[in-house]
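**Q** Below you will find the structure I want to go over with you.
The values are calculated or read from the model by the stated rules, or taken from the named source; none is laboratory data. In this text the structure is predicted, and so the values were computed from the model without any measurement. Positions of Cβ are generated from backbone atoms using ideal geometry, with glycine treated the same way; all protein chains shown enter the neighbour counts. Heads up: the accessible areas ignore ligands, DNA and RNA and are worked out on the full protein's heavy atoms, side chains in. Shrake-Rupley method; radii C 1.70, N 1.55, O 1.52, S 1.80 Å.
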Amino acid sequence: MTDKQPQAQAANQPVLLALDVKYNEIIDFLKARQKIPDGWQGTLRAVKSKLSQAANELPQDFSVKAIKTSDFTIADCRATFAEFKSQDGEELNMFRQYKSARVQTWYKLVKLYERDCVHLGELATLLNQNTTYEVPALRKEMLRLQGVIAELQRKRSDLLRKSNEFRSQFTKNCADLKLKGNNVRAELVELVTELDGICQVVVEGVKAPSTQSVIDYYVSFVSQTHGLSKEKALDRFPLLLHMRVHGNQTVKDFRLAFGLHSAEVITTTPKAASAPAAVEIDWGDDLDTTEPAAAKEIEIDWGDDKPKEVEINWDISDQDKPKEIEINWGEDESGDQDKPKEIEINWGDEQQQDNEWVDVKMVVEGNEGNEENVHVPVVETVNAKAEEFGFLEQLAKSLTCENPNSLLLETTGPRNQLTNEFLELSMFLKQRLVELKCVDEFGLQLNSQVTGDNVAEVQRYLNDVQSVLDRLTSTRTQQLFLIKTSPKYVDRLVGSLNKKLELAKRMDEAEKTTSLKCEQMELALSQLAPQLQALITKTREAKQVAEEELSILFGGRVVHVIGAINDL
C-alpha cells in the first residue's frame, strides 16, 4: 500500500508541456504574461552603473577582470559572487547579511539583476542582437575579406606573369640583337664591328665569278629576246659593275672619281633619266606697284583667234557610195602606190646630237589640195655608257660629305641602289626559272639559244644572287646599318629595351604592394575567425541560461528557445 501511494500521486499530477519561444519574441512573451515591466531598460541601466563601479574594484588577477563591463551578464555576476563567497566565506551577521563586503556587494548586484526579470530582458536582447546582427555581420565581413584576398591573389599572379613576360621580351630582344643586357647602349655600339665582315662578304659576292656569269646570262637573254645592245642591257647595273672594279670605296674616293671635291654637296636624289626643265610661270611679281593710278594689265590669250577651219563637204546626194577616206602613210611619190614605204624605228642604237622632227602628211581623198603636215618630234636617246656615267655621277653628287670616310655600303643611297640591282637579277632569274620548269613539264621548246639556259644552271645563279641579297636585306644587317648611321635609332632602341625593364620593375613593385595588402587582409581575417567563434559560443551559453531561467520562472516547465539561433 505504501509503494502504490507515490505512484498514484504522480499519476494524478498534470503533465507539464514544454514551452517553445522564438529567440526574438522572448520579451514580448514575458510582457504578455506580466513577468517583466515596460520600464525594465531603466532598471537595467541602473544595475549596469553599479556593476561598473564594482568591477573597477576587482583585483587584477581576477578571472572576470578581462571582461568588459558592458558585456557582463547574470552568469558573470553569479560566477563572481560564487568566487568571492568561496574566498571570504559564507558567514552572516546579525542582519542576515554577509560579513564580507565584497560578497555582500555582488550578492546585491545579483538580486538587482533578478528583480522584475531584468536579467531575462538582457539575455533576450543579447540573443536577438547576436543572432540577427552581430554574427551575420562578422560572417559578411569575413566573406568580404575572403573575396578581397582572392582578388589580390589574382592580381598578384597577373603582375608576376606580366613581369615575367616583360623580362622574357627583354631577354629575347637582347638575344636577337646578341646583347648581354648589362649595358645596352655600350653593347649596341660594339655590334657595329660586325658590319666589316658583312660588307666583306657582300663585296666578295659582288666580285664573284658567279655574279659575272649571271650578268652575262641576263645580257645575252635580253639581247636575244629584245634586240638590245650589250651596253643598253648593262645600263641596269651601273653600281654593281662599278663595285666589281673598284670594290667598296669610301664616299670621298667615289666622289673624287667624278671630279667632285669634299666641299661640293648636292642634296638632290639621283635619277635614271634627266627630268624635263621646269616651266616658268609669270605670276606678275615684276609689276610696277609704285603707280597708283592703274597697274599694268596682263594680257591672257583666251584662244579667241581660232585657226581657219577646214570645210568638209558632207553632201553625198550626187554619189552612189560615200567616199572612202584614206590616209597617206608616206608612199613613194614616183607613183608606186602598191608597195608602201617601210618605216624604220630608231631604237637609240646610234647617238643623235639634236632632236629630229619628221613631217607626216595627212591627205583626205577628194581634198588633195588641202594636205596637212603634222610635225612629229623624235625623242633623243642617250648612249648607254654616257647614261651609266651620268647616273653614277648624280649618285655621287647626292652623297653628303659629313662622313667622307664611310664606305658605299654603309651609305643609304648606294646600298639601296645595289639592293635594287640585285633584286632585278633575282626577279629575272625567278621568272626565268618558272618558264624553264613549265617547258620541262609540258614538253615545249624554246627558241632561246642562250648559254646556261637550263633549270639547274639558272637555279645555281639564283642561289648565288639570293645569298648576296639576303646579306643586304636581312633584318640584322639593316639594324646594324641603322645603329651606325642613326643616333636617333639607337636612342629609340635603347629606350624600347629599357622600357621593358622599367615595366618589369613596376610590375614587381606593384606585386610587392599587392602582396603586403593581401597579408594584411589575411591577418584581419584570421582575427575575425576567433571573434566569430567566441561570439557564437557566448550566444549559445546565453541561450542555455535563458532557457534555465525561463524554466524556473514558469514552475519547472521545459522551455526551448527556437529559431535561427539554433543554426549558428
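**Q** Roll a 1.4 Å probe over the protein chains and send me the accessible area per residue for segment 188-262 in Å².
**A** 47
**Q** Near Val545, within a Cβ-to-Cβ distance under 11 Å, what is the net charge of the other residues, with Lys and Arg +1 and Asp and Glu -1?
**A** Residues near Val545 contribute -2 overall.
**Q** Given the pairs Lys22/Lys111; Lys50/Lys99; Lys230/Lys397; Lys230/Lys430; Lys180/Lys517; Lys178/Lys500, which span a C-alpha to C-alpha distance of over 24 angstrom in this model?
**A** Violating the 24 Å Cα-Cα cut-off are Lys22/Lys111; Lys230/Lys397; Lys180/Lys517.
**Q** Specify whether the C-alpha gyration tensor of segment 158-232 places it in the rounded, prolate or oblate class, a ≥ b ≥ c being the square roots of the eigenvalues: rounded for a/c under 1.5, otherwise prolate if a/b is larger than b/c and oblate if not.
**A** prolate
**Q** Where in segment 78-115 does the label zone of Gln60 land, with the point 7 angstrom along Cα→C-beta and an amide N cut-off under 14 Å?
**A** Answer for this model: none.
**Q** Further question on the same structure: R0 = 60 Å: FRET efficiency of Lys111 with Lys499, Cβ-based, nearest 0.05?
**A** 0.15
**Q** Each residue of segment 150-157 in turn: what ³J(HN,Hα) in whole Hz from Karplus with 6.51, -1.76, 1.60 and θ = phi - 60°, glycine and Pro shown as x?
**A** 4, 5, 5, 5, 5, 5, 4, 5
**Q** If I model a spin label at Asp253 and Glu522 as a point 7 Å from the Cα along the Cα→Cβ vector, what separation in nanometres do I get?
**A** So the label points at Asp253 and Glu522 sit 7.1 nm apart.
**Q** A further question on this structure: Give the residue list of trypsin sites (Lys or Arg not before Pro) in segment 112-178 that are DSSP loop and have at most 14 other beta-carbon atoms within 10 angstrom.
**A** Answer in residue order: Lys178.
**Q** Let me ask something else. By per-residue mean of other Cβ atoms within 10 Å, what is the highest-first order of 52-60, 89-97?
**A** My ranking of the peptides, most packed first, is 52-60, 89-97.
**Q** Once the Cβ-Cβ distance between Arg476 and Ala534 is put in as r, and R0 is 60 Å, what FRET efficiency do you end up with, to the nearest 0.05?
**A** The pair Arg476/Ala534 has a calculated efficiency of 0.30.
**Q** Tell me, in nm to one decimal, what length is gained between Leu568 and Glu90 on full extension, where the rule is 0.36 nm per residue of separation less the Cα-Cα distance?
**A** That works out to 168.1 nm of additional length.
**Q** May I ask you to compute the full-extension gain from Lys50 to Lys230, defined as 0.36 nm times their residue separation minus their alpha-carbon distance, rounded to one decimal in nm?
**A** Here the answer is 52.3 nm.
**Q** While we're on this one: Whose amide H sits under 5 Å from the amide H of His560, counting only residues 5 or more places off or on another chain, with H placed in the peptide plane?
**A** Amide H to amide H, under 5 Å and 5 or more residues apart or across chains, His560 pairs with Leu19, Asp20, Val21.
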